[in-house]
Amino acid sequence: MKSIRKTLLSQTAAQSIIDLIINGRYRQGNKIPNETELSQTLEVSRTTVREAIKTLVSQNILEIRRGSGTFVCDKLGIVDDPLGFRFIGDKVQLALDLLEIRMLLEPHIAEKAAENATDEEIADILAQCDRVDALISQGVAHDAEDVLFHTKIAQAAKNVVIPNLIPVINQAIFVLMQVTHRTLLQETVTTHRAVAEAIQAHDGAGARNAMTEHIMFNQRFVEKLKAAEEQPSTR
């Protein structure tokens, strides 16, 4: 009974810290008070606070920086590989399956971005499109900037759930680049530009169709890779 009570206390304390974050008392990226101060604020023991912090660290809500203290995570509750894709061995099949999920999500996200993006967000999306194009033309790896292009579109959609899906989309892009060895360069330039310009024009259907075409290019290429893998060896 004592251990159950201890667990309940730490869970309650963890939720109290979350509430303080939601209410803006502790902001993303900022340091939170030490255990002593928190125990006074929450009216619980330091041991309970310590357990609560441990729970929130495991949920990617808080992070402990050795020698500096405990901070609110910049990406609250979001981990870089939320579904453990790195442990799936068949990366080509994983890329295909992730593209299928992207096809369900991203055309609609692009459509919503076209409908809801502010002038500032549109300018940011267009500038990001330019950055990706420039890196491709220079023959420089563009992975991170490509991910940021899709992230900015997702943020412009103005849906509170979509930002929590961004890590899945990001992982899908990284897996795709891993299996294609970044060979779909001209297709990326062309379809990115079509998506960005449709968003600029607030053309929801155009943005949806352009994003669909962007993903279809990738799907067709990866399907060819998969077919080549499945062909019997001639040796």
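Here the Debye sum runs over all C-alpha atoms of segment 157-235 as equal scatterers in vacuum, and log10 of I(q)/I(0) at q = 0.12, 0.20, 0.22 Å⁻¹ comes out as -0.45, -1.02, -1.14.
D by Stokes-Einstein for segment 143-191, Kirkwood Rh over Cα pairs, 20 °C, 1.002 mPa s: 186 µm²/s.
Scoring 169-176, 158-165, 53-60, 126-133 by mean Cβ neighbours within 10 Å over their residues and listing the highest first yields 169-176, 126-133, 53-60, 158-165. In this rough spin-label picture, where each label sits 7 Å from Cα along the Cβ direction, the R131-N60 distance is 2.1 nm.
Hydrophobic, long helices, defined as DSSP H runs whose alpha-carbon span along the helix axis is 27 Å or greater and whose mean Kyte-Doolittle value is at least -0.5, occur in the chain at 2-22, 91-116, 119-138.
Think of each Lys and Arg Cβ as +1 and each Asp and Glu Cβ as -1; about the Cα centre, that makes the dipole of the chain roughly 1220 debye. For Y26, the amide hydrogen comes within under 5 Å of the amide hydrogens of I21, counting only partners 5 or more places away or on other chains and with H modelled in the peptide plane. With the simple spin-label model, which puts each label point 7 Å out from Cα in the Cβ direction, the Q11 to V189 separation comes to 5.6 nm. Projected label points at F217 and D97, each 7 Å from Cα along the beta carbon direction, are separated by 2.6 nanometres. Placing +1 on each Lys and Arg Cβ and -1 on each Asp and Glu Cβ, with no other charges, gives segment 2-72 a dipole about its Cα centre of roughly 200 debye. Binning the alpha carbon pair distances of segment 2-72 at 10 angstrom intervals from zero yields the distribution 22, 59, 18, 1, expressed in whole percent. Please identify every one of the GluC sites (Glu not before Pro) in segment 26-73 that sits in a loop by DSSP and has no more than 16 other beta carbons within 10 Å of its own beta carbon. For GluC sites (Glu not before Pro) across segment 26-73 that sit outside H, G, I, E and B with at most 16 neighbouring Cβ atoms in 10 Å, the list reads E43.
Readers should treat all values here as calculations from the given coordinates under stated rules, not as data from a laboratory. As the structure is a computational prediction, the values presented were derived from the model and not from experiment. Quick reminder, even Gly has a Cβ in these numbers, built from the backbone with ideal geometry, and neighbours come from all protein chains shown.
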